[in-house]
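For reference, the structure discussed in these notes is given below.
The values are calculated or read from the model by the stated rules, or taken from the named source; none is laboratory data. Keep in mind that what you see is a predicted model, and the values were worked out from it rather than measured. Neighbour counts are summed over all protein chains in view; Cβ atoms, including those assigned to glycine, are modelled from backbone coordinates with ideal geometry.
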Amino acid sequence: MITLYGIPNCDTVKRARAWLQERGVDVVFHDFKRQGVPAGRLETWLRVLGREHLVNRQGTTWRKLDETLRLAVVDNASACALLLAHPSAIRRPVVEWADGSVSAGFDGEAWSNRLAG
């Protein structure tokens, strides 16, 4: 089973969900706004992907954060605390694939390769 984590009104999440649906791929959707960010999963994502990839520094949420908060993200523990408090700062979508791997962000070509393999 594939689980896609994100925020339903996020344009990238919408594109990713539509892309998967067009290909007939069944996924479970986990809504960060309604269901929260699973702390244990977040720690795993940070360990696997790294904070530089998981923290969305180009997003509106990140840009609106106080500079002190942004500068305090120096390791996975501080990134985890920030992302739990501000889920919209997570690069979306986060996908836990059927093979146990995880990715963040939408890349149709990479996803096609993953699903074909």
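If the condition is being touching a Phe, Trp or Tyr at 6+ places or on another chain (Cβ under 8 Å) and hydrophobic (A, V, I, L, M, F, W, C), then region 60-117 contributes Ala89, Ile90, Val94, Val95, Val102, Ala104, Phe106, Trp111. Taken residue by residue, region 22-38 has no member that is surrounded by 16 or more Cβ atoms within 10 Å (Cβ to Cβ), touching a His at 6+ places or on another chain (Cβ under 6 Å) and at pLDDT 95 or above. The set of residues from region 44-99 being in a loop (DSSP other than H, G, I, E, B), free of Cβ contacts under 8 Å to residues at least 24 places away in the same chain and over 27 Å from Arg114 (Cα atoms) comprises Asp66, Ala72, Val73, Val74. Any residue in region 59-70 that is within 16 Å of Thr44 (Cβ to Cβ) and of a type in the set (Val, Ile, Thr)? No, region 59-70 contains no residue that is within 16 Å of Thr44 (Cβ to Cβ) and of a type in the set (Val, Ile, Thr).
Among the residues making up region 1-43, those that are in contact (Cβ under 8 Å) with a residue 60 or more places away in the chain, farther than 30 Å from Val74 by Cβ and part of a loop (DSSP other than H, G, I, E, B) are Met1, Arg23, Val25.
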